[in-house]
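Student: Structure below; questions to follow.
The values are calculated or read from the model by the stated rules, or taken from the named source; none is laboratory data. From a predicted model like this one, the values you see are computed outputs, not experimental measurements. Please note: Cβ atoms are built from the backbone with ideal geometry, for glycine as well, and neighbour counts cover all protein chains shown.
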Amino acid sequence: MFDHIGIVAKELKASARLYAHMLAPLGIRIVEKHRLAADSAWVVLSTGKPQSPFMVIAEGRPTFWPATATAATAPVHLCLSAPSREAVDRFHEAGLLHGARCNGAPGIRRHPFYCAFLIDLDGNNVEAGCYLADEDVPTGE
């Protein structure tokens with residue numbers, strides 16, 4: 001559970017485009033775009049519902065970073081809740097179509113959690129998953 005999370009991208013425009021496509025099946029979209037200076041910009045992704053959790057993708061150096069920190073030197077693992085098995089499948093497909101690499105095809109990883117993994121443009125491991133009802137778990141999985 002989180003209120004918000006932020007990652008830093010090497011190329012904000014490319015990463016924002018990837019995440020917009022990849023997270024659309026989960027009901028998440030870009031809700032804000034900001035540019036403070038030529039070297040500092042970010043986008044905010046959320047469902048758009050008031051007080052809902054959100055994600056920030058930034059370009060530039062966050063104020064809390066030491067001089068040695070750069071984008072993609074410490075990839076994160078991020079798992080987002082999906083509303084359905086179909087949304088997980090669409091998340092994975094959209095990510096692959098827009099430049100992400102597969103890091104685990106859709107499937108059940110721990111009963112009854114159905115999820116898929118993608119590596120984004122900066123090496124972060126992005127997962128989407130949902131809990132299936134027992135009747136929705138295929139026999140043999």
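Student: Among residues belonging to the range 99-112 that are modelled with pLDDT of 95 or more and of a type outside the set (G, A, S), point out the one that is farthest from L18 (Cα to Cα).
Tutor: By that ranking, first place goes to I108.
Student: Residues to consider are P50, P66, P62, P75; find the one that is in a loop (DSSP other than H, G, I, E, B) and either closer than 18 Å to A100 by Cα or in contact with a Cys (Cβ under 8 Å, 6 or more places away or on another chain) (or both). Reasoning before the result, please.
Tutor: Values: P50 fails: either closer than 18 Å to A100 by Cα or in contact with a Cys (Cβ under 8 Å, 6 or more places away or on another chain) (or both); P66 fails: either closer than 18 Å to A100 by Cα or in contact with a Cys (Cβ under 8 Å, 6 or more places away or on another chain) (or both); P62 fails: either closer than 18 Å to A100 by Cα or in contact with a Cys (Cβ under 8 Å, 6 or more places away or on another chain) (or both).
P75 is the lone residue from the list that is in a loop (DSSP other than H, G, I, E, B) and either closer than 18 Å to A100 by Cα or in contact with a Cys (Cβ under 8 Å, 6 or more places away or on another chain) (or both).
Student: When you scan the range 82-141 for strands (runs of 3 or more DSSP E) that lie fully inside it, which ones turn up with 2 or more residues that are out of contact with any Gly (no Cβ under 8 Å at 6 or more places or on another chain) and in contact (Cβ under 8 Å) with a residue 12 or more places away in the chain? Give the derivation first.
Tutor: On the way: elements: 101-110, 113-119, 125-131.
Because the criterion is at least 2 residues that are out of contact with any Gly (no Cβ under 8 Å at 6 or more places or on another chain) and in contact (Cβ under 8 Å) with a residue 12 or more places away in the chain, the strands (runs of 3 or more DSSP E) in the range 82-141 that meet it are 101-110, 125-131.
Student: Please determine, by comparing only the residues of the range 113-141 that are modelled with pLDDT under 95 and of a type in the set (G, A, S), which one is farthest from R29 (Cα to Cα).
Tutor: Top of the filtered list is G140.
Student: Continuing with the same structure: Find the residue count for the range 16-58, including only residues that are among the aromatic types (F, W, Y) and either closer than 19 Å to P83 by Cβ or touching a Ser or Thr at 6+ places or on another chain (Cβ under 6 Å) (or both).
Tutor: 2
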